[in-house]
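The values are calculated or read from the model by the stated rules, or taken from the named source; none is laboratory data. The shown structure was predicted, so the numbers you read here are calculated from the model rather than taken from an experiment. Positions of Cβ are generated from backbone atoms using ideal geometry, with glycine treated the same way; all protein chains shown enter the neighbour counts.
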Amino acid sequence: MASMQWHATSNSTLPSLTIRQVYCWIFDAKNRIVVVSKDGTNWQLPGGKPEQGESLETALIREVYEETGVPLGKIEFNPKLFGYYIVTNDPSYNDEKYIQLRYHIRINKVLKKLAPGRSNDFEEIKQVKSVSVDELTKIIPWINNSGEFQELVRMGILYES
């Protein structure tokens, strides 16, 4: 089983490891958080794998659109890198160490019509919704003990309930 070690950062200085995944906390005008699910039971933040030759910002825009239908490329947004995990012992990547980035974005409108966008991924997202912090901690029970959650609380972006 993969293990993950959290590292907070406010700049783009990262260890010299491959960045395999980018994930994003999307907050709307009501401070609700966008989550996605492949089966309606297991929920996660939107994100995924950058394609070969793709910049991290382009990968983030594409993954968010594919999974949520939110067209970040067509609205003003400012993704902020706030940390990363170093992942080890992941059999999907032959136990190679790699980085999983975490961004946060604030969208100054209420996201009412969320639906998965286009995707060619065989593990396609089936459901997307925005939730309160309370709802988030119920559908992703480990999240409030995670480094990323605690960092967002420390930064004043997320308020623990």
> Of the residues that make up segment 128-136, is at least one in contact with a Gly (Cβ under 9 Å, 6 or more places away or on another chain), in contact (Cβ under 8 Å) with a residue 40 or more places away in the chain and farther than 18 Å from Ser12 by Cα?
Replying inline: yes
> From Asn144, Asn108, which residue is under 15 Å from the mean Cα position of the chain (by Cα) and polar (S, T, N, Q)?
Replying inline: Asn144
>> I'd like to know if segment 24-41 contains one or more residues that are farther than 21 Å from Glu135 by Cβ, at pLDDT 95 or above and in contact with a strand residue (DSSP E or B) (Cβ under 9 Å, 6 or more places away or on another chain).
In response: no
>> For segment 122-141, which positions are over 14 Å from the mean Cα position of the chain (by Cα), among the aliphatic types (A, V, I, L, M) and crowded, with 17+ Cβ neighbours inside 10 Å?
In response: Val133
